[in-house]
Structures are given as C-alpha cells and as structure tokens.
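Everything below concerns the one structure shown next.
The values are calculated or read from the model by the stated rules, or taken from the named source; none is laboratory data. None of these values were measured; they are calculated from a predicted model. Positions of Cβ are generated from backbone atoms using ideal geometry, with glycine treated the same way; all protein chains shown enter the neighbour counts.
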Amino acid sequence: MIASLRKRPELLKDPSYLPIFAAQAAYDGQISEARHEIAELEAMRKKQYIEPFLLVEVCIALHDRRELMLWLRRADEERSTFFVYRHGSAEYWGLTPDVLDELDRGHHSEITSSARPSP
C-alpha cells in the first residue's frame, strides 16, 4: 500500500504522508532514506506547521530516542491535539512507559517552574 502511495507525486511533498514514507523506509532498513524524509520535514517546518506526533512512528522505527523526545516535546510545546491523548493511545503509537515518564517529568517541571512567581 505504501508503495502505491509513493507513486502519487502530489503526496511526495505532503507533510501528512512524509512521516508514513519515512517509517516504512525505516522498517525496510532504508535508514538514510528515513532520515532524509525527517530532514525534509525539518525544512518544511520552517515554513508551515508539521504535526509533531506524526513523526513518533518513524522515530520508534529508527530506534532513535533522542529524535523521538524532540518531536514529542514539540508536540507538547505546539499544543498538538494528539499530545493530550498520549497516555490513552500510548500502545497504538508505541510509546513505552519510560518514554511517557520522561516526557511527563519534563512537562511537569515546566508547568511548576512557569507557575512560580518571578523574584
């Protein structure tokens, strides 16, 4: 199915489909292709909104925790609607408890530090 989508030129630059193509490349062992797709999304991000949560699967497929946490933090910062459901849909997205804990610790410390009055 992914191969048939790749044959549609209008989808090759669509930020909703690039993460799908990148994840499939990673699963197929085409690591440089997957990373190239992420780089394209990074470049696109300078000019348009890229839904950060859509990159979760490719980061997991690449076993790249640093990149995963980067995109998850962006999802939080950019108020992604997917972020709100991260715990309820963790199994679907492949988010492990340790990733959620790390993310929540960072999220909690940011909330408490912003709630403190300035000296």
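Could you tell me which of the residues L54, L5, L68, L41 is outside any loop (DSSP other than H, G, I, E, B) and at pLDDT below 85? The match here is L5. For the range 75-85, a tally of residues being part of a loop (DSSP other than H, G, I, E, B) and either touching a residue at least 24 places away in the same chain (Cβ under 8 Å) or among the hydroxyl-bearing types (S, T, Y) (or both) returns 3.
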